[in-house]
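The values are calculated or read from the model by the stated rules, or taken from the named source; none is laboratory data. What you are looking at is a predicted structure, and each value in this text was computed from that prediction instead of being measured. Note: ideal-geometry Cβ built from the backbone for every residue, glycine included; neighbour counts use all protein chains shown.
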Ligand SMILES: [Zn+2]
Ligand SMILES: [Zn+2]
């Protein structure tokens, strides 16, 4: 299950549709891996073996604290013998720093929660906090 909604900047008109969670019925590892970014897919395909477990985090929203770019990407971990072998990357391509994860309440999927002391900034004008505009849609 996941949620979808739209974000809007009232000042410059920037809009983005976002989905969170792991809604698709991901049966086989190949399908799961294809949801990851191209960069992660290349790395995963090099190391993945059938005896690995895939721990799915689903789609998340991340924002870079420096350039404010937003990414709505799929994340997972590869586990083998209880050890973490690989974790999908959360680094900004431009600034090369770790992006901040924007968290939704996973128990109810109805509360959108931005980490304390942090506002979801508009990536275009970099000034205005983004608003959630469309109704939250359930998807699976
Ligand atoms: Zn950045
Ligand atoms: Zn803006």
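Just need a number here: residues in segment 75-103 that are modelled with pLDDT of 90 or more, part of a strand (DSSP E or B) and within 16 Å of ligand 1 (Cβ to nearest atom).
2
Which condition does residue 66 not pass, out of (1) out of contact with any helix residue (DSSP H, G or I) (no Cβ under 8 Å at 6 or more places or on another chain); (2) at pLDDT below 90, if it passes all the others?
All conditions pass for residue 66, except number (2).
Conditions (1) in contact (Cβ under 8 Å) with a residue 12 or more places away in the chain; (2) under 14 Å from the mean Cα position of the chain (by Cα); (3) within 16 Å of ligand 2 (Cβ to nearest atom), marked per residue:
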| position | (1), (2), (3) |
| --- | --- |
| 37 | yes, yes, no |
| 44 | yes, no, no |
| 55 | yes, no, no |
| 60 | yes, yes, no |
| 63 | yes, yes, yes |
| 68 | yes, no, yes |
| 76 | yes, yes, no |
| 83 | no, no, no |
| 91 | no, yes, no |
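If residue 123 satisfies every condition in (1) surrounded by 15 or more Cβ atoms within 10 Å (Cβ to Cβ); (2) at pLDDT below 90; (3) within 16 Å of ligand 2 (Cβ to nearest atom) but one, which is the exception?
Here residue 123 clears every test but (2).
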